[in-house]
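Asker: This is the structure, below, for whatever I ask next.
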Amino acid sequence: MSAVQITKPLVEVRDVHKSFDQLEVLKGIDLDIMPGEVVVILGPSGSGKSTLLRCINHLEAVHRGFIAVDGEQIGYRIQNNRLEKLSPNGIARQRRKIGMVFQQFNLYPHMTVLQNIIEAPVGIHGESRKEATRNALQLLERVGLSEKAHSYPRQLSGGQQQRVAIARALAIKPKLMLFDEPTSALDPELVGEVLATMRDLARQGLTMIVVTHEISFAREAADRVVFMDDGKIVEMGKPDDVIGNPQHSRTKAFLARFL
Amino acid sequence: MKANNVTSASPDGDASFRDVATAHVPFRLGRLLLWAVILIVTVDFTWIVARNENFGWPVVAQYFFDPTVISGLYVSLGLTVVAMTLGTIIGLALAIARMSDDRLASSFAALFIWFFRGTPLLVQLIFWYNLSTLFPQLSLAVPFGPTLASWDTNSVITPMTAAIVGLALNEAAYMAEIIRGGLLSVDRGQTETAEAFGMTRARALWRIIIPQAMRSIVPPTGNQLISMIKATSLVSVIAMADLLYSVQSIYNRTFEIIPMLLVAVIWYLLITSILNVGQSYIEAYYGRGERRNGAEAKPTDTGAAVEEPSH
């Protein structure tokens, strides 16, 4: 379902600041993402887009402002009218509805493809092994890798590994999927298969935040494009507007390099 | 081949002749001579040792399965297993403490490792054995408060407990560093992925990090285990009846010093050989994700046959 009802945003990012030592990488980000929306974040290297993504599931802590996913403030809770830091296990619990796909795939190398996929459903979400396996095989079919269920990650090409990583993230039935430059570590001829899988997911109404350099993916699959530069959101809107008719000079300069 | 018409750097000959599959290995005289020399020296040395009556081979054979020797062997093996197990568990805890963000935990672990690696094991063993001179009574008490239970140190610290505590704590210090090295060798992205999937730290460590760290933990641990078996011979100084102590007790009676030491040497060699075999199996198990299976030369999208990786 595409969600243009009067719903609350799934992700709320409010005045988020983040520094590494002296270097401020996020300088006040505000962003709402509605359920079912596909948002692509574009921007030059060092613009803070990956950091923003990693803040959303608290792999990085923000220093000012807040981020909430599905109504829960990430990394914190309100106790006796005071804001309190969550324990590591409390944060772990919040992350369980967020799937993430990494630039370097990060499959568990000591497990087979199937074991990789059922690890979280069985170990964390308490699904039965039988049910998780059935679900995993369906997901593998969806990403076109049924015959690789019993291979080890090292026996797969980069593109295949990334598709397994996507299946692994989907196996936890996430409310939100985060993609951190999912095609940047791939050989050019393998990028297409991963993007095709992601386009498929976008069509099925999954809420997705994608950090990428693939302008064509943004144009075809995104509901909204966010252009970041120097720790701020410079411009955002429909892909046809931001990519087709950029208003800001920095957006124009960035896009010019891809034409 | 076009190159044949042009001046080329490659040697002459037609293509079939130059196929490397038809190549011969030239005869290497130097290597043959070296082999011959080494073989002759080895066989001659074996012959000399076997015929030398001072080695007392009949005595070796006579005492090899002597009940005293066998019970000493069991003590050495038992001590090794218990001390190594405790040492590994304590070592794991120390390694985690050493890597923790908590300054107190990591300083404590560093202090422990510094002390137990920095003093000779023999001295530590004698210290534990003589603990009663430092603390005549061992008691369980609330700090600065009432005593709950109390024991005479000499009844708690037998040669057995002194040996176990001494060996285990010393081993823990070494294992802590080995395990820490192993944990550090695992790609940081793996921890991050486990976190992103909402695993607790304990689960991430147990399911994701430790299995991958095992690849670099197992080989040095095999070394430690072999060192440990030999280190148990040190406990003979605190009157613990291990393998060395039991052969000593026999040669103190019969004065067959060399043959009895040979009995011990052969037993030590036998045990370490068995451990070497065990270690290679364990290494193969933890390396299972590393192998590219032979059947799959170059992975492709279009339905390569399903190969079942052997476990």
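The values are calculated or read from the model by the stated rules, or taken from the named source; none is laboratory data. In this text the structure is predicted, and so the values were computed from the model without any measurement. Ideal geometry is used to build each Cβ from the backbone, glycine not excepted, and the neighbour counts take in all protein chains shown. SASA here: full protein model, heavy atoms, side chains in, ligands and nucleic acids out. Shrake-Rupley method; radii C 1.70, N 1.55, O 1.52, S 1.80 Å.
Asker: Out of curiosity, is A:Leu137 part of a helix (DSSP H, G or I), away from chain B (no Cβ under 11 Å), open to solvent by 50 Å² or more (accessible area, probe 1.4 Å) and among the aliphatic types (A, V, I, L, M)?
Answerer: Yes; evaluated as a whole, the condition is true for this residue.
Asker: On the basis of being assigned to a helix (DSSP H, G or I), among the aliphatic types (A, V, I, L, M), at pLDDT below 95 and open to solvent by less than 30 Å² (accessible area, probe 1.4 Å), does A:Ala169 make the cut?
Answerer: Criteria not met by A:Ala169.
Asker: Of the numbered conditions (1) within 13 Å of chain B (Cβ to nearest Cβ); (2) free of Cβ contacts under 8 Å to residues at least 24 places away in the same chain; (3) open to solvent by less than 40 Å² (accessible area, probe 1.4 Å), A:Val101 satisfies every one except a single condition; which is it?
Answerer: Exception for A:Val101: condition (2).
Asker: Right, next: Counting only residues that are more than 9 Å from every other protein chain (Cβ to nearest Cβ), assigned to a helix (DSSP H, G or I) and hydroxyl-bearing (Ser, Thr, Tyr), which one in region B:155-207 is surrounded by the most Cβ atoms within 10 Å (Cβ to Cβ)?
Answerer: By that ranking, first place goes to B:Tyr174.
Asker: Right, something else. Go through region A:200-259 residue by residue and tally those that are more than 30 Å from A:Phe20 (Cα to Cα), outside any helix (DSSP H, G or I), free of Cβ contacts under 8 Å to residues at least 40 places away in the same chain and open to solvent by 50 Å² or more (accessible area, probe 1.4 Å).
Answerer: Total satisfying the criteria: 6.
Asker: Looking at A:Ala132, is it within 19 Å of B:Glu195 (Cβ to Cβ) and among the small types (Gly, Ala, Ser)?
Answerer: Spelling it out, it is not the case that A:Ala132 is within 19 Å of B:Glu195 (Cβ to Cβ) and among the small types (Gly, Ala, Ser).
Asker: Are any residues in region B:115-154 over 26 Å from B:Ser233 (Cβ atoms) and either in a helix (DSSP H, G or I) or in contact (Cβ under 8 Å) with a residue 12 or more places away in the chain (or both), and if so, which ones?
Answerer: Within region B:115-154, B:Phe135, B:Pro136, B:Gln137, B:Leu138, B:Ser139, B:Ser150, B:Trp151, B:Asp152 qualify.
Asker: Next question. If you go through region A:211-222 one residue at a time, do you hit one that is touching a Phe, Trp or Tyr at 6+ places or on another chain (Cβ under 8 Å), modelled with pLDDT of 95 or more and of a type in the set (A, V, I, L, M)?
Answerer: yes
Asker: What helices (runs of 4 or more DSSP H), lying completely within region B:3-65, carry at least 1 residues that are surrounded by 10 or more Cβ atoms within 10 Å (Cβ to Cβ), modelled with pLDDT of 90 or more and aromatic (Phe, Trp, Tyr)?
Answerer: It comes to B:29-51, B:57-63.
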